[in-house]
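No lab work stands behind these numbers, since they all come straight from the coordinates. Everything numeric in this text was worked out from a predicted model, so none of it was measured. A quick note on method: Cβ atoms are made from the backbone with ideal geometry, for glycine too, and the neighbour counts reach across all protein chains shown.
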2 protein chains.
Amino acid sequence: MSKPLVIGLIGFGNIGSGVVRTLAERAELIHSRLPRPIVLKTVADKDTTTKRNAPYRPDQLVGDAMTLINDPEIEAVIELVGGLEPARTFVERALRAGKHVVTANKALLAVHGPELMALAEEKGVGLLFEASVGGGIPIIRALEQGLCANELTSVQGILNGTCNYILTRMGERELPFAQALDEAKAQGYAEPDPTYDIEGYDTAHKIAILASLAFGMDIRFKDVFTQGITQLEPADIKAAREMGYTIKLLGIAKREAAGAPAEIRVHPTLIPLNSPLGKVNGVFNGILVNGRPIGTTMYYGRGAGADATSSAVISDLMALAADERGFSRWRDNRLRVQPGVKVIKPMDALETHYYIRFTMADRPGAMATIGRALADQGVSIRSMIQHQSDDSGNRPATISIVTHLAKEKGIQAAIASIEGHEMSAAKAFVLRVEE
Amino acid sequence: MSKPLVIGLIGFGNIGSGVVRTLAERAELIHSRLPRPIVLKTVADKDTTTKRNAPYRPDQLVGDAMTLINDPEIEAVIELVGGLEPARTFVERALRAGKHVVTANKALLAVHGPELMALAEEKGVGLLFEASVGGGIPIIRALEQGLCANELTSVQGILNGTCNYILTRMGERELPFAQALDEAKAQGYAEPDPTYDIEGYDTAHKIAILASLAFGMDIRFKDVFTQGITQLEPADIKAAREMGYTIKLLGIAKREAAGAPAEIRVHPTLIPLNSPLGKVNGVFNGILVNGRPIGTTMYYGRGAGADATSSAVISDLMALAADERGFSRWRDNRLRVQPGVKVIKPMDALETHYYIRFTMADRPGAMATIGRALADQGVSIRSMIQHQSDDSGNRPATISIVTHLAKEKGIQAAIASIEGHEMSAAKAFVLRVEE
């Protein structure tokens, strides 16, 4: 048998335990598919005392990640610490030490990815990150290998299971956001502090990674327009459904062709009820990829959790162990991110369909006010729903519209004008539509 | 620049033209993603006179495939002839000559695959076949690489766009089979002789390939239980829908765990309307893969056509050109088919839910006859629908049932008993259900 791939793992939490468990439970199967065995030598975590649900010897667990990074016998490091620091330092030092790195850390990649990729390339080692997006869905490999003959024109995904669970429940039961969030927490699908998920930051990290690969550009977290799901009301979901749409938090990366400015945005999005992504419910993720010549493809699966993430992390380890001749950057990263290169369409220049919920005094003239302000900006209305208010005229009326193709700039100007009108009873709420 | 990957293509029809066209149109993009350029030297086809919609020089086109196979400069051969002979001879000779082979030929692989794979291994060359299943959907790479850490327990797919289009139209418009088939022909989605598609043979070839990879077994076309869609009636689709199902032609490969007997079958299948595959309509393909630890994943896209197939064929060429050190069998075929090894569950031993359409005399006692015969075999009924017949009692009544979990053997015995009864007006029609 060949020289084993000796690995170390940093970060022994829920995901780390899942990886160690799966490596042990599926050892025979994994080794039967490789020319070299994978041997886990060391696990590092600040917490060396809590008992984990995974098989390990006490002498394998160390408190200092540098022990592992400085171990010349270790050829590949799995980084499952998460967040920017100290994860960035660990990954950088491991790469500098000439070790391959496998990571699930989307925040790190969306903020420091291109520098780390360049360092890996300089050192001739691999930086693999199948687990960073879409959990177990092999979307990175699909882009880099299966679809590599295509000019990719869009990647659109439901990339956060927490948000998709909340939106699914809001739609099924007309639950207010806060109640659906509480339910997600009770089910273990939302963190005690859910900000990172519900504000769209997680999705923004992930679409930055997918967009960078798909378009070969240097797209970072800060380049992504990001709107979370906290302001959504059951009335929006209901109105959308009556107009034939469902609402999903999408990460969207689109461009007409190579060289054209790319739209990179995260927001709750109206999509047709019967579209492939429209049917992705609960904690599942779905990613739609369009390219030339292939057309549309879609990928679906669990986007989080120890099991799905372990599958992705170990697939990366197996890629590293699959060739006795070592790593080849062309083979494993067929797509290239060009540092510093990006052509991004400013949100102002966006042209799409819009959903707007207006809250107006329940008196004659509300519709006329809205209609006039939109017409002044050249925006025409495709569908409109006003849900019945009581007859008193005391409570404001909610009017939801979907526009024909319109410019973001015109929409924002129309809204400012309507909000300035005396009949406006509250701020307007804007979502975007993808047909 | 490194030594190019010089290739030859056999079979210059619709798909072959698409590959040549895409190689030319996307040349810059393809080369930017590889350390070696891909250079098409020769195309072979019996027909050297018809003008193709693809850029080629007259001197590139030859009438005899052996010219190309015997050319020492050509390192990889694309086989797009289809069918068993002469395709098998071409592939075998190319492999024996030490050339890599890229093929889209599912029939060849489902009949002679393991021998050809063994020959490729012996010669140290690649036999790549991403295009053989699912058109452009990178399902072979997903199984071999993205999901390689998993013990796969099932692969179920809508693998034939022709059948899925016909079934979709039958469901949308209550069209009889023959009319939906005519429509598919008019749309160019069905061949003038559609037997290969509508009898399920194409799906059987594809599920044999997927099952072989997923389970590491030597599963051939002849091992697959195959039932086509020609006997389906709009009434079946309607009854299914009323019970919460849609009907899809599925290729199914399932087993409890490694070593357990595998079910390998193709038949029109009732699946829940809201399941991921239940929503795959028209000419699209969808493939559901279950594994441990990953759980459920799904892959969706166009399953046929020159564009989707070109994407898959060229992804294989790019895999061959992505490493200057040459082909590595472990890297590119992480899953192994073991020649001669198969453990298949006989259809008799199948246990599932069944849909049965009975045609009975419209007189008192029809239901009792059915109920008694099923009860005698220990089969209990979960749902039943009898569509209104006229009041005359002259026309037979159609009674559709879905059973609780039952054994194939018991179902067949009950049907034989009911068909032997004087109230039976026609043969029963059986479908299977996947929950």
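The range B:115-162 to the range A:179-200: how many Å between their Cα centroids? Value for the Cα centre distance between the two parts: 38 Å.
Relative contact order for chain A using alpha-carbon pairs under 8 Å, separation at least 6, rounded to a whole percent?
Computed value for chain A: 17 percent relative contact order.
Compared with the rule-of-thumb size 2.2 N^0.38 Å for a compact globular protein, the range B:139-301 has a Cα radius of gyration ratio of 1.03.
In what sequence do A:V341, B:V91 fall when counting other Cβ within 10 Å, fewest first?
In increasing order of surrounding Cβ atoms, one gets A:V341, B:V91.
With label points set 7 Å from Cα along Cα→Cβ, the inter-copy distances at B:N53 are 5.6 nm, sorted shortest first.
Distance from the alpha carbon centroid of the range B:396-435 to that of the range B:4-24 works out to 50 angstrom.
Across all directions of projection, what mean area in square nanometres is found for the Cα convex hull of chain A?
About 22.1 nm², averaged over all directions.
Straight-line reach from A:K3: taking Cα to Cα under 14 Å and skipping same-chain neighbours fewer than 8 places apart, the aspartates and glutamates in range are A:E73, A:E75, A:D323, A:E324.
Going by alpha carbons, how many degrees (0 to 90, nearest 10) lie between the helix axis of B:366-376 and the longest principal axis of chain B? So the helix axis and the longest Cα principal axis differ by about 70 degrees.
How far is helix A:161-173 tilted off the main Cα axis of chain A, in degrees rounded to 10, range 0 to 90? Orientation of helix A:161-173: about 40 degrees from the principal axis. In the distance distribution for the range A:152-233, Cα-Cα pairs more than 16 Å apart total 53 percent.
Averaged across the residues of A:26-39, what count of C-beta atoms belonging to other chains lies within 10 Å of each residue's C-beta? Mind dumping the intermediate values first?
Details: counts 5, 0, 2, 8, 5, 0, 4, 10, 4, 4, 1, 0, 1, 0.
Counting Cβ atoms of other protein chains within 10 Å of each residue's Cβ and averaging gives 3.
Looking at the range A:17-160, the pairs of alpha carbons with a distance over 18 Å make up 63% of the total.
Phi-derived couplings, Karplus 6.51 cos²θ - 1.76 cosθ + 1.60 at θ = phi - 60°, listed residue by residue for the range A:141-147: 5, 4, 5, 6, 10, x, 9 Hz, with x used for Gly and Pro.
Taking every Cα-Cα distance in the range A:189-265 and sorting them into 5 Å bins starting at zero, the pair-distance distribution P(r) comes out as 3, 15, 21, 17, 17, 14, 10, 3, 0 percent.
Expressed as a fraction of 2.2 N^0.38 Å, the C-alpha radius of gyration for the range A:45-101 is 1.16.
Remark: B:K123, B:K427 ranked as B:K427, B:K123, counting other beta-carbon atoms within 10 Å and listing the fewest first. Taking every DSSP beta bridge that has both ends in the protein assembly as shown, the antiparallel portion is near 70%. Taking amide H as placed 1.01 Å from N in the peptide plane, the amide H of B:F327 sits under 5 Å from none that are at least 5 places away or on another chain. The Cα atoms of the protein assembly as shown define a convex hull whose projected area, averaged across directions, is 40.7 nm². Cross-link partners of A:K409 among aspartates and glutamates, defined as those whose alpha carbon lies under 14 angstrom from its own and excluding same-chain residues fewer than eight positions apart: A:D348, A:E351, A:D376.
Compare the peptides B:19-25, A:199-205 by average per-residue count of other Cβ atoms within 10 angstrom and give them in order, highest first.
Highest to lowest by the protection proxy: A:199-205, B:19-25.
Here chain B carries DSSP beta bridges of which approximately 70% are antiparallel, counting only pairs with both residues inside. Placing unit charges on the Cβ atoms only, positive for Lys and Arg and negative for Asp and Glu, gives chain B a dipole magnitude near 760 debye about its Cα centre.
Result for chain A in a Gaussian network model with C-alpha springs under 10 Å: among A:G124, A:G113, A:G134, the largest mean-square fluctuation is at A:G124.
With an 8 Å cut-off on Cα pairs and a minimum separation of 6 or more residues, tell me the relative contact order of the range B:347-433 in percent.
On the way: 167 pairs, mean separation 42.6, N = 87.
Relative contact order comes out at 49 percent.
Within straight-line reach of B:K345, meaning a Cα separation under 15 Å, sit the following aspartates and glutamates at least 8 residues removed in sequence or on another chain: B:D218, B:D223, B:E256, B:E263, B:E408. Along its principal axes, the range A:347-433 has C-alpha extents of 41, 22, 17 angstrom, given from the largest down.
Using only the C-alpha atoms, the convex hull of the range A:101-189 corresponds to 140 Å³ per residue.
Which translational diffusion coefficient, to the nearest whole µm²/s, is obtained for the range B:253-394 from the Stokes-Einstein equation, given a Kirkwood hydrodynamic radius over C-alpha pairs, 25 °C and 0.890 mPa s?
Answer, rounded: 118 µm²/s.
Cβ-to-Cβ counts within 10 Å put B:H387, B:H31 in ascending order as B:H387, B:H31, the fewest first. Using Cα atoms only, what is the angle between the long axis of helix A:14-25 and the major principal axis of chain A, expressed in degrees (0 to 90) to the nearest 10? Helix A:14-25 sits roughly 50 degrees off the main axis of chain A. Given the pairs B:K254/B:K342; A:K185/A:K248; A:K238/A:K427; B:K222/B:K254; B:K185/B:K222, which are separated by over 22 angstrom at their Cα positions? Over 22 Å apart, Cα to Cα: B:K185/B:K222. Each other copy places its own label point for A:T195 at 6.9 nm from this one, sorted shortest first, where the point lies 7 Å along the Cα-to-beta carbon line.
Across the identical copies, the label point of B:E122 (7 Å from Cα in the Cβ direction) is separated from its matches by 5.0 nm, in order from shortest. Place a label point 7 angstrom from the Cα of B:M66 along the Cα-to-Cβ direction, then list the residues of the range B:94-126 whose backbone nitrogen is under 19 Å away. Correct set: B:94-99. Can you tell which of A:R357, A:R169, A:R334 shows the greatest fluctuation in a Gaussian network model of chain A with Cα springs below 10 Å? Of A:R357, A:R169, A:R334, the most mobile in the Gaussian network model is A:R334. Applying 1/(1 + (r/R0)^6) with R0 = 41 Å to the Cβ-Cβ distance of B:E419 and B:A118 gives a FRET efficiency near 0.35. For A:A425, the residues whose amide H sits under 5 Å from its own are A:T359, A:M360, A:A361, ignoring neighbours fewer than 5 places away on the same chain, with H placed 1.01 Å from N.
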